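Novice: This is the structure I want to talk about, given as structure tokens.
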Amino acid sequence: MTTTSTEDANTVRVLRGLAHDDPSVRLRAALAVGTNPDPEYVDGLVERCAVEPDFPVREMLTWALTRHPAAVTVPPLLEEVRSERAQARSQALHTLSKIGDPRAWPAVTPALLSDPDEEVARSAWRAAVVLAPEDERPALAVGLATQFGRGGREAQLSLSRALVALGEAAAPVLTAATADPDPRVRAHALATEALRRDPDAGFGSAIEEAKRIAVLGTDREG
């Protein structure tokens, strides 16, 4: 009885630490949970991921979740993927990509790949590449290609990296997109192809060169 009471008190103390006003306290609490994992903490970790404002703390929360058995962490994370809160969806997808359990693949829906929130979409792209079975990768490439031209440099780089990571499965959609009538789509596809050929190439210079080529192509067509 005493042992149970002590364990309950420790759980309450740790969960309070995860919600402390000081981010350094929250960071230490998440580190403590990951160092000594206990299924009792999982729901609290998942709930905190949805609202945690500090990036290093969010990363530590994700790490702490990866230290627990997937059988315990994956179900509540799959619930969070369907949350109305964008950060909950984004962080759950990010954590699922780190866990890498293939059971999470069906949760990465086309709606998430095109989520109106850019951070959610980027997390979905990364998770999809990690989780997709080999036979689903060509269809995933088609879905990812619908996002060509979206967002700013960081979002476009994330999408390009995801497509490059798909390897040959992405080749047909890249070829098609480099001939797209939309110059923004065409430029993004050309930059992705350049990144695929030379992963060490700077994406910024590649996208600028691709934009120039895309515009010249439009001018020639006109």
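The values are calculated or read from the model by the stated rules, or taken from the named source; none is laboratory data. Computed from a prediction, not measured in an experiment: that's the story for all the values here. Every residue, glycine among them, receives a Cβ derived from its backbone with ideal geometry; neighbour counts consider all protein chains shown.
Novice: Can you say whether Ala111 is at pLDDT 95 or above, assigned to a helix (DSSP H, G or I), among the small types (Gly, Ala, Ser) and in contact with a helix residue (DSSP H, G or I) (Cβ under 7 Å, 6 or more places away or on another chain), as far as the supplied structure shows?
Specialist: Working: at pLDDT 95 or above: yes; assigned to a helix (DSSP H, G or I): yes; among the small types (Gly, Ala, Ser): yes; in contact with a helix residue (DSSP H, G or I) (Cβ under 7 Å, 6 or more places away or on another chain): no.
No, not satisfied.
Novice: Of all residues in region 153-185, which are more than 16 Å from Trp125 (Cα to Cα), in contact with a helix residue (DSSP H, G or I) (Cβ under 6 Å, 6 or more places away or on another chain) and not hydrophobic (A, V, I, L, M, F, W, C)?
Specialist: Thr178, Asp180, Pro183
Novice: So which of Ala30, Ala9 is within 23 Å of the chain's Cα centre (by Cα) and either within 19 Å of Val120 (Cα to Cα) or assigned to a helix (DSSP H, G or I) (or both)? Break it down stepwise before answering.
Specialist: Details: Ala9 fails: within 23 Å of the chain's Cα centre (by Cα).
On inspection, the qualifying residue turns out to be Ala30.
Novice: Turning to a different aspect of this structure: May I ask you to list the residues in region 133-173 that are in contact with a Ser or Thr (Cβ under 6 Å, 6 or more places away or on another chain) and hydrophobic (A, V, I, L, M, F, W, C)? Before the answer, list the steps.
Specialist: Looking only at region 133-173, we keep the residues that are in contact with a Ser or Thr (Cβ under 6 Å, 6 or more places away or on another chain), and these are 160, 163.
Hit for region 133-173 is Leu163, nothing else.
Novice: Sticking with this one: For the structure I just gave you, tell me whether Val25 is free of Cβ contacts under 8 Å to residues at least 24 places away in the same chain, surrounded by 13 or more Cβ atoms within 10 Å (Cβ to Cβ) and among the hydrophobic types (A, V, I, L, M, F, W, C). Steps first, please.
Specialist: Numbers: free of Cβ contacts under 8 Å to residues at least 24 places away in the same chain: yes; surrounded by 13 or more Cβ atoms within 10 Å (Cβ to Cβ): yes; among the hydrophobic types (A, V, I, L, M, F, W, C): yes.
Yes, satisfied.
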